[in-house]
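Encoded as structure tokens, the structure appears first; notes follow it.
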Amino acid sequence: MWFLRAARMVEGQLPFKYLGIPMSSKRLRSVDCQLLVDKVVARIRGWGTRKLSYAGRIVLVQSVLQSVQSYWASIFLLPKKVVKSIDSICRNFLWEGNECYTHPPPVNWETVCRKKRAGGLGLKDLFAFNVAAVGKVVWWVFSNANRLWVQLVHHIYIRGQNWSEYVVGSDASWSWKRICKVKGLLLEGFLRQWQDQLPYTIKRGYNWLKHDEDTVGWYSIVWNRFNCPKHSVICWLSLYNRLYTNCRQIRLGRMVDATCLLCGQGREDHQHLFFECRLSKECVYLVQYWLGRPTREKFNWTVIRRLRQCSVLVRMTLSAPFLGLVHHIWMA
């Protein structure tokens, strides 16, 4: 038939792209993933980022920048250089609003990627997410899922061996070695939790990898739904003493006057600016009077932390004005 004669099978060459993913018989290089890094940078350049607050940038990093690599991360382990590049771009956008940032970040990226309950901003640890995503592939092999490639792997590599005790051979392909590496990182979780009790999910794998994070005492005060997000972020920075007060700028080598810009007395550090400055004290008293709790006692973060002893509704209602006050004092 004429349409069969017109169709020709063309022999291709490796590497090639399939559904936007580079396919190669050799080890995946960082150069092969440059397209992924370019996509992340292109998203930033398309935004009017200069007018965004820290809270707005956090939302964009979570929902857009860190989601671009999710499809790639669910297929294979990305090279560490690529993961570091994406982390660097996300960090630069968070603190500066573009892909370039030449100053030391206020808070290290490891702390930022902790859960909010553990003192971070809730951004994803991309390496841990990559391991958890590929863990889904390991789970399919572990549970002997009814998939053609799983049956092929059992026939060629495992050959009736116990998957939990399987050791990859030196003649195995690069991609299979990476899958076995992820199996080693998640093996304890598979044996303890997901084999008999719960099916494996990426979320459960990620939480298991980040299980050693402790809850900070101020979590329920800073991150509650009554607070404006940008107020919470400024308070989060002030709790770590990472706002660029005059004293901090001097420590960073910048030639500025350390005098408080609000009262003109004392050195402007976090303690003075929010709790010892004459203007700040008056603002705190007025907020307390407005809340029906006027007092002239010394005010500090310890007083705010005492709100944890109140009921949930009272704690959320009382903490929101004080966090807003900290934000407005800083903006002033």
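The values are calculated or read from the model by the stated rules, or taken from the named source; none is laboratory data. On a predicted model such as this, the values are computed, not experimentally measured, just so you know. With ideal geometry, Cβ positions are generated from the backbone for all residues, glycine too; neighbour counts draw on all protein chains shown. For accessibility, only protein heavy atoms count, side chains too; no ligands or nucleic acids. Shrake-Rupley method; radii C 1.70, N 1.55, O 1.52, S 1.80 Å.
Taking 20 °C and 1.002 mPa s as conditions, the range 127-203 diffuses translationally at an estimated 168 µm²/s according to Stokes-Einstein applied to its Kirkwood radius (Cα pairs). Considering only Gly217, Pro22, Leu279, the residue lying farthest towards the positive end of the dipole of the chain is Pro22, judged by Cα position with unit charges set on Cβ.
A Förster distance of 56 Å, applied to the separation of the beta-carbon atoms of Ser173 and Ser53, puts the FRET efficiency at 0.75.
Taking Cα centre as origin and charging only the Cβ of basic (Lys, Arg, +1) and acidic (Asp, Glu, -1) residues, the dipole magnitude of the chain rounds to 380 debye. Once backbone amide H atoms are built at 1.01 Å from N, Met23 has Phe16, Lys17, Tyr18 as its partners under 5 Å, excluding neighbours fewer than 5 places away on the same chain. For the range 261-271, putting each phi into the Karplus relation 6.51 cos²θ - 1.76 cosθ + 1.60 with θ = phi - 60° gives couplings of 7, 8, 9, x, 10, x, 8, 7, 10, 4, 4 Hz, in residue order, rounded to whole numbers and with x for Gly and Pro. Toward the positive end of the charge dipole of the chain, with +1 on the Cβ of Lys and Arg and -1 on the Cβ of Asp and Glu, the farthest Cα among Ser70, Leu313, Gln265 is that of Ser70. Dipole orientation for the chain: of the candidates Phe142, Gln193, Tyr244, Phe142 has the Cα lying most toward the positive pole (charges on Cβ; Lys, Arg +1; Asp, Glu -1).
Can you compute the helix-only [θ] at 222 nm over the chain? Use -39500 (n - 2.57) per DSSP H run of at least 4 residues, normalise by all residues, nearest 500 deg cm²/dmol. It lands at -13500 deg cm²/dmol. Considering every alpha-carbon pair of the chain, the percent of pairs per 20 Å bin, from zero through the bin containing the longest distance, is 24, 44, 24, 7, 1. Between Val312 and Leu291, the simple spin-label model (points 7 angstrom out along Cα→Cβ) gives 2.0 nm.
Taking Cα centroids, how far is the range 90-112 from the range 132-192 in Å? Centre-to-centre (Cα) distance: 37 Å. The distance between label points at Ala42 and Thr111 comes to 3.6 nm (points 7 Å beyond Cα on the Cα→Cβ vector). Of the solvent-accessible surface of the chain, computed with a 1.4 Å probe and all protein chains present, 54% belongs to carbon and sulfur. Taking 22 Å as the limit for the C-alpha separation, the pairs Lys80/Lys210; Lys115/Lys181; Lys124/Lys210; Lys39/Lys116 exceed it in the case of Lys115/Lys181; Lys39/Lys116.
Dipole check for the range 47-206: with +1 at the C-beta of Lys and Arg, -1 at the C-beta of Asp and Glu, and the Cα centre as origin, the magnitude is about 300 Debye.
Once both axes come from the Cα atoms, what is the angle between helix 80-96 and the longest principal axis of the chain, in degrees from 0 to 90, rounded to 10? Around 30 degrees separate the two axes. Normalised per residue, the accessible area of the chain is 58 Å², obtained with a 1.4 Å probe and no contribution from ligands, DNA or RNA.
At an R0 of 51 angstrom, the distance between the Cβ atoms of Asn224 and Ile158 translates into a FRET efficiency of 0.55. Both numbers refer to the Cα atoms of the range 47-192; Rg and Dmax are 18.8, 60 Å.
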